[in-house]
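Peer 1: So that we are looking at the same thing, I have put the structure below in structure tokens.
The values are calculated or read from the model by the stated rules, or taken from the named source; none is laboratory data. These numbers come from a predicted model, not from an experiment. Heads up, the Cβs are rebuilt from the backbone with ideal geometry, glycines too, and the neighbour counts pull from every protein chain shown.
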Amino acid sequence: MHKKLQILYHLKLLQWLGTEYMNPLNLESSTLPQLPNDLEKLREIVSQCHLCDLSKTRKNVVFGEGDPHAKLMFVGEGPGATEDETGRPFVGRAGQLLTKMIENVLEIPRSKVYIANIVKCRPPGNRVPTPQEAHTCIPYLWKQIEIINPRIIVALGATSYQYLTGDKTPITKVRGEMIDFQGRILIPTFHPSFLLRNPSKKREVYEDLLKIKELL
Ligand code: URA
């Protein structure tokens, strides 16, 4: 799967550079572009990305932020309007709720975790990213995960869970489970935006957070 994404990334890059025809790819060669193992270098590359149409409407790329050595990482769906304006993840209303969840329930400063998204650019009108947008962008997230090396990843909402794991089981069925994920623990829970619309679901997320707190 990872190889497929690398090939897609490579082809998109060539298309973007104007290539219309190419010789068959030698998959065993080292010609596939490698993303850097350095978070700041990766940020530079991502900030200039034009591999999908979201780049045409974004104001800012929202790379992610937090402790580069965080043991706990939160992954959302994609930037909203405030995030697009500021270039920072989870700073709008949903972000304020996420910050409270981290600081008041987990009792750790927000700056001690890492927060990123499946797609780094805002989908217009806050629509769900298309599979093509998500698959084009996710190699950046894989690299962030590899570099930061968190022990626990919290998938915020269905889109995050689905693209991280490839599993389409509804979030209501998997919420709160501790899933073995590439040697890490993945915990899906409801997205803070969903909680803003359905405050009665906060109780379940509170329980998930207590599990995370115990793990930490
Ligand atoms: N919703 C998300 O999924 N990500 C953000 O960064 C903000 C809101």
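Peer 1: Give the number of residues within region 85-117 that are within 9 Å of the ligand (Cβ to nearest atom), over 14 Å from the mean Cα position of the chain (by Cα) and assigned to a loop (DSSP other than H, G, I, E, B).
Peer 2: Summing the residues that are within 9 Å of the ligand (Cβ to nearest atom), over 14 Å from the mean Cα position of the chain (by Cα) and assigned to a loop (DSSP other than H, G, I, E, B) in region 85-117 gives 2.
Peer 1: So, in region 196-208, how many residues would count as being hydrophobic (A, V, I, L, M, F, W, C) and surrounded by fewer than 20 Cβ atoms within 10 Å (Cβ to Cβ)?
Peer 2: Looking only at that region, the number is 1.
Peer 1: Same structure again: Give region 136-168 a look and list any residue that's among the hydrophobic types (A, V, I, L, M, F, W, C) and more than 24 Å from Leu215 (Cα to Cα), or say none.
Peer 2: Once the filter is applied, which keeps residues that are among the hydrophobic types (A, V, I, L, M, F, W, C) and more than 24 Å from Leu215 (Cα to Cα), region 136-168 yields Cys137, Ile138.
Peer 1: Go through region 150-174 and count every residue that is away from the ligand (no atom under 16 Å from the Cβ) and either of a type in the set (Ser, Thr, Tyr) or without any contact (Cβ under 8 Å) to a residue 60 or more places away in the chain (or both).
Peer 2: 8
Peer 1: Of everything in region 143-157, what is touching a Phe, Trp or Tyr at 6+ places or on another chain (Cβ under 6 Å) and assigned to a helix (DSSP H, G or I)? Give them in sequence order.
Peer 2: Ile148
Peer 1: Against the definition (under 18 Å from the mean Cα position of the chain (by Cα), outside any helix (DSSP H, G or I), over 18 Å from Met101 (Cα atoms) and within 16 Å of the ligand (Cβ to nearest atom)), how does Val128 come out, yes or no?
Peer 2: The answer is yes for Val128.
Residue-wise test of (1) outside any helix (DSSP H, G or I); (2) under 13 Å from the mean Cα position of the chain (by Cα); (3) within 26 Å of Thr82 (Cα to Cα).
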{"site": "His135", "(1), (2), (3)": "no, yes, yes"}
{"site": "Leu141", "(1), (2), (3)": "no, yes, yes"}
{"site": "Thr159", "(1), (2), (3)": "no, yes, yes"}
{"site": "Thr172", "(1), (2), (3)": "no, no, no"}
{"site": "Glu177", "(1), (2), (3)": "yes, no, no"}
{"site": "Asp180", "(1), (2), (3)": "yes, no, no"}
{"site": "Phe194", "(1), (2), (3)": "no, no, yes"}
{"site": "Asp208", "(1), (2), (3)": "no, no, no"}
{"site": "Ile212", "(1), (2), (3)": "no, no, no"}
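Peer 1: Let me ask something additional. When both residues are 6+ apart or on different chains and their Cβ atoms are under 6 Å apart, which pairs have a first residue that lies in region 113-134 and is surrounded by 22 or more Cβ atoms within 10 Å (Cβ to Cβ) and modelled with pLDDT of 95 or more, and a second that is assigned to a helix (DSSP H, G or I) and among the acidic types (Asp, Glu)?
Peer 2: Val119/Glu133; Arg122/Asp84
Peer 1: Is there any pair linking a residue in region 181-195 that is farther than 16 Å from Asn126 by Cα to one that is among the acidic types (Asp, Glu) and surrounded by fewer than 18 Cβ atoms within 10 Å (Cβ to Cβ), with Cβ under 8 Å and at least six apart or on different chains, and which?
Peer 2: Listed by first residue and then by second, the contacts come to Leu186/Asp180; Ile187/Glu177; Pro188/Glu177; Thr189/Glu204; Phe190/Glu204.
Peer 1: When you look at Cys137, is it more than 12 Å from the ligand (Cβ to nearest atom) and over 23 Å from Ile152 (Cβ atoms), yes or no?
Peer 2: no
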